[in-house]
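The values are calculated or read from the model by the stated rules, or taken from the named source; none is laboratory data. Please read these numbers as outputs of a predicted model, since none were measured by experiment. Please note: Cβ atoms are built from the backbone with ideal geometry, for glycine as well, and neighbour counts cover all protein chains shown. Accessible surface is based on the protein model in full, side chains and every heavy atom, while ligands, DNA and RNA are left aside. Shrake-Rupley method; radii C 1.70, N 1.55, O 1.52, S 1.80 Å.
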Amino acid sequence: MDPIDMMVTDANCEYLGLSRLCLMEAAGKSLGEEVAKIAVFTFSKPVKVLMFTGSGGNGGDAFVAARYLLNRGYDVDIFMLKDNIHSNEARINLEILENMKPRLSRLTIHNLKTLDDVSNCNFGDEESIIVDGLLGTGIKGKLQEKIRKAIEVINESKGLKISIDVPSGMDPLTGNIDDVAVVPDYTISFHKIKTGVRDADEELVGGLVTADIGIPLEAEYFVNYGDFLRLKNRSSTSHKGNNGSILIIGGSKDYHGAPVISGMAAFGAGVDLVYVATPENAAIPVKSASADLIVKSLEGDYLNLGHLDEILELAEKVDAVLIGPGSSINDETSKLFNVLVTKIKKPIVLDADALKQVDISLIKNKDNIVLTPHLAEFNRFFNTNLKLDLDSYDFKKVNDNVTEFQRVAKAIKGTVIVKGQYDLILSGSKFRINRSGNAGMTVGGTGDALAGIVTALLSIKLNAFDSACLGVFINGIAGDEAFEVKGNGFSATDLVSYIPVVIKNGLC
């Protein structure tokens, strides 16, 4: 499991009612149990346990494990290299240990303030276990001097070494070691083994143990606020265009509102520049709707092959492209769209009328494409007749329904959003479910808003699957905010107005 996926899952547990404090308790208890098992297997008796902690959550896991090991008769020494604990849950568990005074348990806490403190502390003999909770989520680049020294001393010690989740100093995604890392005899991972640990050479991670800490599958597969962790903070030194630019290809003499809604939704999602390529009779109302949109007026009533070169020139300037909103359906537009999907190499979102006109054979091998159909459009595009029915406590019913849609969607390498009461996001063997949104979102234009959000997320280099997942969640929460104020009488424009607030709250 990639580290970011674990962070998202961990955060999303909160929205099922499972607090991070509960998860840390479960992780620490599991860690204590696994350490005790290893001790009995290796030494046939309780031995001294020396725990090294940093400022993060893995230190908190060690603090919890200490209580369980003390109750099993172990002597526990905790060596803290950081006293400014970042994790609130870790601070709480440290306070529990500090509140144990007068001390009746065999616990000693050492605060290692200097390099000499690290070098001179008693690291135990061969009949001891050293638990590495320094940098369990890994780190890139050169380590802080005191951390580096602690890792060196741990590696030189004679005791049996156990790393929590990831050996400190190892990149948890790649398994690379940029400086130095703990070389453990065992690595104990929580929930699932991290990608870097799985891919690293065995001698760098030791024996692998996966500890169950009670995270339900739903926390991994339901999209929620934890998914905002996938978004990077905007650089304070960035300038115009650094935070995404998109092209919307849509509109016609009959429909000009759809590309406007998509464009304004993209702005709400934080994109810097939005270009709209649209026929001339739609260009004036699109321009009138918002001075923020950069509108390219194309000759004629509908998009057609005669516009190909102009559109391809615009597509070269942007980071992602949305095809379809308000384009209408005719033979010339169909020809254009089918050429565009073969020639544009940037990430693409196909929405609305594009889904009715693009040939599946032309996009089946593109992994940077997102389709946004509702159920009828899905069935038409994939030539099937499925029903989306996920509102159930019946495991078999839900499992069978998801499996049906996966089987069909695997016809393409890209990502498919099936819009419904619960949205289903599919990509190969991966799927997730979005539960945000409400019945008021049957109003026209909310799908155009979704397409704009997803395109904006693609433009900032989020991959297709993650863009789709976060996009439908943002769109649904914005709809929920609009419903809270206006009930079922809200419009797509109302929904769009809440997108920036939703994202701001999600990033807090």
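Observations on the structure shown:
- Think of segment 20-64 as a dipole: +1 on every Lys or Arg Cβ, -1 on every Asp or Glu Cβ, centred on the Cα centre; then among 54, 41, 23, 41 lies furthest on the positive end.
- Between residue 395 and residue 235, the FRET efficiency estimated from the beta carbon spacing at R0 = 35 angstrom works out to 0.20.
- Expressed as a whole percent, the accessible surface of segment 112-236 that belongs to carbon and sulfur atoms is 45, based on a 1.4 Å probe.
- Rolling a 1.4 Å probe over the protein heavy atoms of segment 261-395, with every protein chain left in place, gives an accessible area that is 48 percent carbon and sulfur.
- For segment 22-154, size of Cβ-based charge dipole, Lys and Arg +1, Asp and Glu -1, in debye: 140 debye
- Applying a threshold of 28 Å to the alpha-carbon distances of 101/192; 430/461; 149/461; 192/413 flags 101/192; 149/461 as lying beyond it.
- Taking 0.36 nm per residue of sequence separation and removing the Cα-Cα distance, the residue 202/residue 280 pair yields an extension gain of 21.8 nm.
- Total formal charge among the other residues, if their Cβ is under 13 angstrom from that of residue 263, Lys/Arg +1 and Asp/Glu -1: -2
- Given charges at beta-carbon only (K, R positive; D, E negative), |dipole| of the chain in Debye: 180 debye
- Solvent-accessible area of segment 401-508 (1.4 angstrom probe, protein heavy atoms only): carbon and sulfur portion equals 53 percent.
- In terms of accessible area, using a 1.4 Å probe and ignoring ligands and nucleic acids, 191, 374, 86 rank largest first as 86, 374, 191.
- Where only DSSP H runs of four or more residues are counted, the chain gives -13000 deg cm²/dmol as its mean residue ellipticity at 222 nm, each run worth -39500 (n - 2.57).
- Kyte-Doolittle mean at least 1.0 and Cα axial length at least 24 Å: DSSP H helices in the chain: none
- Surface accessible to a 1.4 Å probe, residue 198 within the full protein complex, Å²: 150 Å²
- Added length on full extension, which subtracts the Cα-Cα distance from 0.36 nm per residue, residue 301 to residue 155: 45.3 nm
- Computed on the chain, with alpha-carbon pairs under 8 angstrom and 6+ residues apart, the relative contact order is 11 percent.
- Separation of segment 459-508 and segment 303-342, taken as the distance between their Cα centroids, equals 26 angstrom.
- Modelled label positions at residue 15 and residue 485, each set 7 Å beyond Cα in the direction of Cβ, lie 2.1 nm from each other.
- In terms of the mean number of neighbouring beta-carbon atoms within 10 Å, the peptides 291-304, 97-110, 469-482, 235-248 order highest first as 469-482, 291-304, 235-248, 97-110.
- Distance-filtered residues of segment 306-344 - backbone nitrogen under 19 Å, label point 7 angstrom along residue 461 Cα→Cβ: 316-321
- R0 of 30 Å, Cβ-Cβ distance residue 212-residue 410: FRET efficiency to nearest 0.05: 0.50
- Segment 362-384 and segment 421-438 have Cα centres lying 14 Å from one another.
- Note on segment 70-159: semi-axes of the ellipsoid equivalent to its C-alpha gyration tensor, largest first and rounded to whole Å, are 22, 18, 12.
- Label assignment, log10 I(q)/I(0) by the Debye sum over Cα atoms at q = 0.06, 0.11, 0.14 Å⁻¹ derived from the structure, set [x] -0.36, -0.92, -1.21; [y] -0.28, -0.91, -1.35; [z] -0.34, -1.12, -1.57: [x]
- Amide N of segment 419-450 lying under 14 Å from the label point, which is placed 7 angstrom from the Cα of residue 292 along Cα→Cβ: 449
- Separation of segment 35-63 and segment 86-101, taken as the distance between their Cα centroids, equals 17 angstrom.
- Heavy-atom surface of the chain, accessible at 1.4 Å and reported per residue (Å²): 44 Å²
- Each of residue 438 and residue 86 was given a label point 7 Å from its Cα along the Cα-to-Cβ line. The distance between the two points is 3.7 nm.
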